[in-house]
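**Q** Before I ask anything, here is the structure I am working with.
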Amino acid sequence: MVVVVGAGATGLGVAWDLSLRGLAVTVIEQGDLAHGTSGRFHGLLHSGARYAVRDPNAARECIQENRILRRIAAGSIEAVGGYFVKTPASPDDYGEGWLSAMEATGIPVARVSREVLRAAVPELHPDVEGGYWVPDGVIHGFPLLFRLQKAIEAHGGSVRRHTRLLQVEAGSDGVRRVRVGSASGAEWLGCDALVNAAGPWAGEVSRLFDDRLPMRLSRGVMIIFAERKLAHVVNRLAPPGDGDILVPHDRVTIWGTTDEPTESAAAKPPRPSETRKLLALGRDLFPDMENWRALRAFCGVRPLYQPETAADSRHVTRDFTVIDHARRGGPAGVVSVVGGKWVTFRLMAEKAGDVVTSYLGGGAPSLTAETPLPPLREQAAERQREPWLCECEQAGEWDLAAWPGATLGEWRTRTWFSMGPCQGTFCVHRVANRRLTTANLAEVDAEEAALRSEREQGMQGALWGDNAREWALSQSVRRQTLGERTP
Ligand SMILES: Cc1cc2nc3c(=O)[nH]c(=O)nc-3n(C[C@H](O)[C@H](O)[C@H](O)COP(=O)(O)OP(=O)(O)OC[C@H]3O[C@@H](n4cnc5c(N)ncnc54)[C@H](O)[C@@H]3O)c2cc1C
């Protein structure tokens, strides 16, 4: 049995890789799927163009995986393409070096005139000077994680959510068993190999087997706007910095991000000062951005790995590292996989899977690059006939029924209900009513309060303009129409 810690993109990717190679795998996840950074990212299917100058290895991996994911994860990828845009503030000497780096890393690029650019992205500032097209895209992270879970389970593996790794027992012959805890208590699981794919918690997990990993965590803030404001990704043609990427993601648009060292693996909510600052950085690209209807702001924590010191986290590589702990004096059979990007999760999993299979003595090669992920569910005619429970995101009974017994929080990430412009004001109580068929009133009340508080936290990070008015409306509906007591 191989135990994988973490049900983010990396851990699920590793479990999928190993289960396709015929190994028995169990994933242990302390929260729900996407509890960590994989549910809190920018949504960009990197072409690698952003890293071409400073991090060419990471750039090559991005373009390779960008192509593979379009094949194996179709349906969870939007192949929208992206632009790198030159503004009057772009450093004059950057473009030339960037173009040479693009050639050296094999990332396709095409020059576009100012006129073509402005026709493709009318929201751009009239002063932009032109730019380049690159094969950027969009990743739909949540459904892709659920598809990975489905693929793992179809191959006999299991994903144990709300279960935390507590202890690792290893002897001279390597790792033997692990102790895990959940609401139903603690238990020991037999374990022939252990994979630490705990993202920002990888340092904490490595303490459990006495080979501490040097992680450098960095938080990034993003703002979600209520509409799909553009058809393509827009990047600033400049060295990576704060506020330089705008991603159209399904029905919304995500602007980001920032880069600030943090000690906390859990993502704390953005401070209003951070979001105001991030918003102001958009002015020279999108002059009207400050008037766009914001929906919410959120934050993610980058699980960067840093064996040597670097001046700041922007200079820590976005490449990934697979660590065979036996080679550094740690226990045999324990492998960590850290750093990297969402877009490179499959390659990270393949490399970690190679180390695990070689340790266990098997020779099966990785099959993930050629194996399409299963779809979540086929569309059905009844979906079209049902009234929506959540109008903003068009989720109805049919969508909820696909996840029987789910909590309100689980239905949110799986059906997308409450994620739209009203942020749950008009749908949470309707969906809570459906939840009463599988849970008691006290449980449903607690889930509803948790969901509303989570939605409010995100709204409060972007509380200006129409979003502030929406928030006031939401308070009014809850307290006056629905008669909720003020906390
Ligand atoms: C602001 C920001 C923007 C980003 N944008 C992009 C982007 O646009 N494109 C891109 O490709 N990449 C992007 N990234 C990077 C990408 O999101 C991450 O590299 C990736 O999601 C990391 O996935 P992971 O599985 O390694 O970690 P995580 O998703 O954090 O998964 C680790 C999991 O381990 C679990 N865990 C931890 N400890 C334990 C324990 N003791 N027991 C059980 N479970 C445990 C956690 O609950 C968590 O679910 C971004 C990152 C940030 C922060």
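Nothing in this text is a laboratory measurement; each read-out follows from the coordinates by a stated rule. As the structure is a computational prediction, the values presented were derived from the model and not from experiment. Cβ atoms come from the backbone with ideal geometry, glycine included; neighbour counts cover every protein chain shown.
**Q** Given Cα pairs under 8 Å that are at least 6 residues apart, what percent is the relative contact order of the stretch 386-471?
**A** Working: 78 pairs, mean separation 21.0, N = 86.
Worked out over the stretch 386-471, it gives 24 percent.
**Q** Only loop residues by DSSP count here, and only those with at most 10 other Cβ atoms within 10 Å; note down the GluC sites (Glu not before Pro) in the stretch 321-421 that meet that.
**A** Details: sites: Glu350, Glu370, Glu378, Glu382, Glu391, Glu393, Glu397, Glu410; in loops: Glu378, Glu391, Glu393.
Passing sites in the stretch 321-421 are Glu378.
**Q** Same structure, new question: Could you state the principal axis extents of the C-alpha atoms in the stretch 381-481, from the largest down, to the nearest angstrom?
**A** The principal-axis extents, from largest down, are 39, 32, 24 Å.
**Q** So how far apart, in nm, are the two label points at Asp173 and Ala74 if each is 7 Å from Cα heading toward Cβ?
**A** 4.8
**Q** Pairs of Cα atoms under 8 Å, at least six residues apart: use those to get the relative contact order of the chain, whole percent. Intermediate results must be reported in sequence, preceding the final value.
**A** On the way: 1038 pairs, mean separation 90.2, N = 487.
It comes to 19 percent, rounded to a whole number.
**Q** Now for a separate question. Summing +1 for each Lys or Arg and -1 for each Asp or Glu, what net charge is found among the other residues whose Cβ lies under 12 Å from the Cβ of Arg430?
**A** On the way: positive: Arg434, Arg435; negative: Glu391, Glu397, Glu448.
Once positives and negatives cancel, what remains is -1.
**Q** So what are the chain's ellipsoid semi-axes, whole angstrom, largest first, if each one is the square root of 5 times an eigenvalue of the alpha-carbon gyration tensor? Numbers along the way, then the final one.
**A** Working: eigenvalues 233, 198, 85 Å².
Ellipsoid half-lengths, sorted descending, are 34, 31, 21 Å.
**Q** Here's something else I'd like to know. If the reach is capped at under 20 angstrom between alpha carbons, list the aspartates and glutamates near Lys150, excluding any in the same chain fewer than eight residues apart.
**A** Leaving aside aspartates and glutamates fewer than 8 places away in the same chain, those within reach of Lys150 are Asp17, Glu29, Asp32, Glu350, Glu370, Glu378, Asp399, Glu410.
**Q** Calculate, in whole percent, how much of the Cα-Cα pair population of the stretch 30-72 lies beyond 15 Å. The partial results should precede the final answer.
**A** Working: 489 of 903 pairs.
The share of Cα pairs beyond 15 Å in the stretch 30-72 comes to 54 percent.
**Q** What chymotrypsin sites (Phe, Trp or Tyr not before Pro) does the stretch 199-251 have in DSSP loop regions with at most 13 other beta carbons within 10 Å? Write down the numbers at each step before the final one.
**A** Working: sites: Trp201, Phe209, Phe225; in loops: Phe209.
When the chymotrypsin sites (Phe, Trp or Tyr not before Pro) of the stretch 199-251 are filtered for loop state and at most 13 Cβ neighbours within 10 Å, nothing remains.
**Q** For Lys277, give me every one of the lysines with a C-alpha distance below 26 angstrom, ignoring sequence neighbours fewer than eight places off in its own chain.
**A** Output for Lys277: Lys86, Lys229, Lys268, Lys341.
**Q** A further question on this structure: Per-residue ellipticity at 222 nm for the chain, helices alone: DSSP H runs ≥ 4 residues times -39500 (n - 2.57), over residue total, nearest 500 deg cm²/dmol? Write out the running numbers ahead of the final one.
**A** Numbers: 14 runs with 151 residues, N = 487.
Computed mean residue ellipticity for the chain: -9500 deg cm²/dmol.
**Q** So, one more: If Lys and Arg each add +1 and Asp and Glu each add -1, what is the summed charge of the other residues whose beta carbon sits under 14 Å from the beta carbon of Arg251?
**A** On the way: positive: Arg228, Lys229, Arg293, Arg296; negative: Glu78, Glu227, Asp250, Glu391, Glu393.
Around Arg251, the charge tally is -1.
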